[in-house]
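Note sheet for the following structure.
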Amino acid sequence: MQKLKTRERIGISSPTTSLPEQQFIELRACIEEANHILRSLGNPKQPENPRQLQLKLASLINKHVKLNIAYQGMFKSLQGILVQAGRNYVQLCTGSHQRYVMFDDLISVTMSQRSSKFPHHTDNPYLSNKLNCQLLYNYSDTVSGNVRLLNRFYGIPLSVALLEQVGRKIRVRHAPNVEVSGILLDTTEQAIFIRTAKKRRTIERVPFEKIEIVCVDQ
């Protein structure tokens, strides 16, 4: 009787599934989560209020995911560990690189079955007695001095997130098979500024609206 109630609750249409009941429940939950994200991505874009999408994607942080993206009519997929979801971007760890992809280029985000092969981070650096005290007595200075805390509480754009990468080597793809590489000097709301590694060093300005992927070496 209990099994029948469980099947009714999760909507099993057929009793012939070969999966154990608990595995089927977990699989169904994962499918529902993925469908919810896909529905969010399929809704009309609301650039003035992307916070809901950010919060949904944040539920996949530390999971192995697959991103399907489209840029200037070209389609591709990226796989890796979802590190952060910001106001208008996701940050993906792919081997020895950190890759940033803008929301506008995302088609879908799905959790990979490989997630079970990666260790889950049980220690949350943002939940500790010391941090709680700092937030309680000195909220403004504590949050404003930490990019990740700013993102957690408010959601930050890619232009702000990249400030913690200033001084590091990056590669910016802004057209199919066209890249600019060098040292990240600065960012503004409109563009990234890179000092190239050419013989005659120059400063390249790459507008965010033209960026496909930003790649930072770890």
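The values are calculated or read from the model by the stated rules, or taken from the named source; none is laboratory data. Since we're looking at a predicted model, the values are computed, not measured. Positions of Cβ are generated from backbone atoms using ideal geometry, with glycine treated the same way; all protein chains shown enter the neighbour counts. In case anyone asks, the SASA skips ligands and DNA or RNA and just uses the protein heavy atoms, side chains included. Shrake-Rupley method; radii C 1.70, N 1.55, O 1.52, S 1.80 Å.
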Inset, instruction - Give the range 61-87 a look and list any residue that's open to solvent by 10 Å² or more (accessible area, probe 1.4 Å) and under 9 Å from the mean Cα position of the chain (by Cα), or say none. - result: 61, 81, 83, 84
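If only one of 115, 108 is outside any strand (DSSP E or B), open to solvent by less than 70 Å² (accessible area, probe 1.4 Å), over 20 Å from residue 156 (Cα atoms) and at pLDDT below 90, which one is it?
On the way: 108 fails: outside any strand (DSSP E or B).
The match here is 115.
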Inset, instruction - Answer with yes or no whether residue 175 is buried (at least 16 other Cβ atoms within 10 Å of the Cβ) and touching a helix residue (DSSP H, G or I) at 6+ places or on another chain (Cβ under 9 Å). - result: no
